[in-house]
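Here is the structure we will look at, set down as structure tokens.
Laboratory data are not the source of any read-out in this text; all were calculated from the coordinates shown. Being a predicted model, the structure only gives us computed values, none of them experimental. Because the Cβ atoms are built from the backbone with ideal geometry, glycine has one as well, and the counts that use them run over all protein chains shown.
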Amino acid sequence: MNTQNTYTQTDKIITKITAWIAGFIALALCVWGVITLYDFYNYDETNDAQVESYINPITSRVSGYIKEIRYDENQDVKKGDTLLIIDNREYALEREEGEAGLQNAQSQVRVLESNVETASKMAQVNNAQIAAAKAKLTRQQQEYDRYQKLYDAESATKQQLENVKSALDVAQSDYEAALNNYQASLSKVNDSKSQISPVLSEIKRRDLMLQRNQLDFSYTVITAPYNGKMGKRTIQPGQQIQVGQTLAFIVDNETGKWVVANFKETQLEYLQVGKKVEITTDAYPDIKIKGVVVSFSPATGSRFSLLPPDNSTGNFVKIAQRIPVKIKITDNNPTVGLLSAGMNASVRVNKTEADHE
């Protein structure tokens, strides 16, 4: 009888403890249910989100051999910092050759201009000779007319008249020669002037070639386009590179980071531009980061895929589509600086809040 009473008392204790445990579990489930229902009716959330930032390739604009690499993997760089130096000896020779060709063309212009000046002075001399020859011709014509009258009056011999006529013919020839020499000198001036125009065009062409050579020479030093952080290094000194080859990747630190959250189309009712959201990342799950919606994608993610689905084929299965939403991080939390592009994140939006920026 005592043993049965002992078992009965123990059973009562066990039953009481079990009842208390069940009560606590039921209470916890009720609390969890209330919180879940509260979150369901007041919040929308998606874990299909990632941290994004601009990642741009560093490419080469000239070909050649890598002479020196001045950055390491994951290194912070400033705008204008030298990242890479390409062997520039060939480009330096091309630049010097271009400078020599330009100087040669400029010298030709100076020579032609000197020829024009010389020909112009010769033309002036020939023009003066025309005046002298014309005066001589006039004098000889007068002399001939006088002797012609004397000959007609039988006061001069025929020989004298012929001598004067010969002198007149010589004076006429000298005058015509002076005219021809003047015309020839003018033609020479025009010829020299006409030769200047092609040489000036050649100077312009060589000047443009020299500018291109100088550009190619400057391209042998590759610098950081903005403040950022370098990615993985895949090149080595002495390696030959080609024009347009990707040499490295740089993450832009100037434009900041943002989050792209893919919300279901059924969750867009309470989303709008300026809506405040709360962001958590898998890397730092205990830290809440503030953000604001800045834009919506013009199409669902499936429409931007390589092979977008075609529902008219007959294999239609209704699936809730997702819309990429760009969210700007507005928090000055130091954790934001630790985030890297591609990190997974979760975004939570309060459906009841109407305030927006």
Virtual paramagnetic centre 7 Å along Cα→Cβ of TYR219, amide N under 12 Å, in segment 49-89: 59-64
Take GLU97, project a point 7 Å from its Cα along the Cβ direction, then tell me which residues of segment 206-222 have their backbone nitrogen under 16 Å from it. 206-217
Work out the P(r) tail for segment 214-357: percent of alpha carbon pairs separated by more than 25 Å, whole number. 50
Packing-based ranking, highest mean first, of 192-201, 299-308 given that Cβ atoms within 10 Å are counted: 192-201, 299-308
Could you work out the pair-distance distribution P(r) of the chain from its alpha-carbon pairs, with 20 angstrom bin width and percents rounded to whole numbers? 16, 23, 19, 15, 11, 8, 4, 2, 1, 0
Do the alpha carbons of any pairs in LYS229/LYS326; LYS79/LYS275; LYS134/LYS158 sit beyond 30 Å of each other, and which pairs? LYS79/LYS275
Sum -39500 (n - 2.57) across every DSSP H segment of at least 4 residues in the chain, then divide by the residue count to get the 222 nm mean residue ellipticity, nearest 500. -17500 deg cm²/dmol
Using only alpha carbon pairs under 8 Å that are at least six residues apart, calculate the relative contact order of segment 217-322 and give it in whole percent. 21
With Kirkwood's inverse mean 1/r over C-alpha pairs for Rh, give me the Rg to Rh ratio of segment 89-218, two decimals please. 1.48
nm² value of the averaged projected area, convex hull over the Cα atoms of segment 1-140: 27.3
